Each structure stands twice: as structure tokens, then as C-alpha cells.
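Engineer: Got a structure here, written out as C-alpha cells. Questions coming.
The values are calculated or read from the model by the stated rules, or taken from the named source; none is laboratory data. Since we're looking at a predicted model, the values are computed, not measured. Using ideal geometry, Cβ is built from the backbone for each residue, glycine included, and neighbour counts are taken over all protein chains shown.
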Amino acid sequence: MNATVSVQDLWSQILALPAGDRHWLQDKLKVYESEEEEHLTPYTMEELNARIDQALADVKAGRCITAEEADKEMEEFLATL
């Protein structure tokens, strides 16, 4: 069975629901939205500076790869998808 419903028809059906069912639906949609959201917080300047210091220490210690090596690794990875 192939059924199509317009957004307006769906909205009319939602409005026709008893109040308790509309509240149930509202709660379900809130849960869905909260699962979709990422709760990101910005870094502080101290955190940013610590990350920069760590990156510089990694480079100095040789724990890095060239841009060409990174490109090659990315191409190889993408080829597996």
C-alpha cells in the first residue's frame, strides 16, 4: 500500500488528537531532538593553549606525519568505503 500525507494533513491529524496524546507525542519528539543534539562547550583559552603546547611537543618529538603521508592515508581509507 502506498500512502502519502501532506504536512498540512499531518498537522490537522495532530491537532485532532486528544490533549493527552498530543502531550505524549510532544515528549517523544523532545527525546528525539535531545538525542540528535550534541552538547558541545567551547574550549577555554587555557585548554586551547594546552592543546597547542601538546601539538608542538608532538612535532618536536617526531610524533607526526607529513601532509603527503596524511593525504595518502586518507586516500587509502576512503578507498575502503
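Engineer: Does Asp71 fit the bill of being modelled with pLDDT of 90 or more, among the acidic types (Asp, Glu) and surrounded by 11 or more Cβ atoms within 10 Å (Cβ to Cβ)?
Structural biologist: Yes; evaluated as a whole, the condition is true for this residue.
Engineer: Follow-up question, since we're still on this one. Would you check if Leu10 is out of contact with any Ser or Thr (no Cβ under 8 Å at 6 or more places or on another chain) and at pLDDT 90 or above?
Structural biologist: So Leu10 fails the test.
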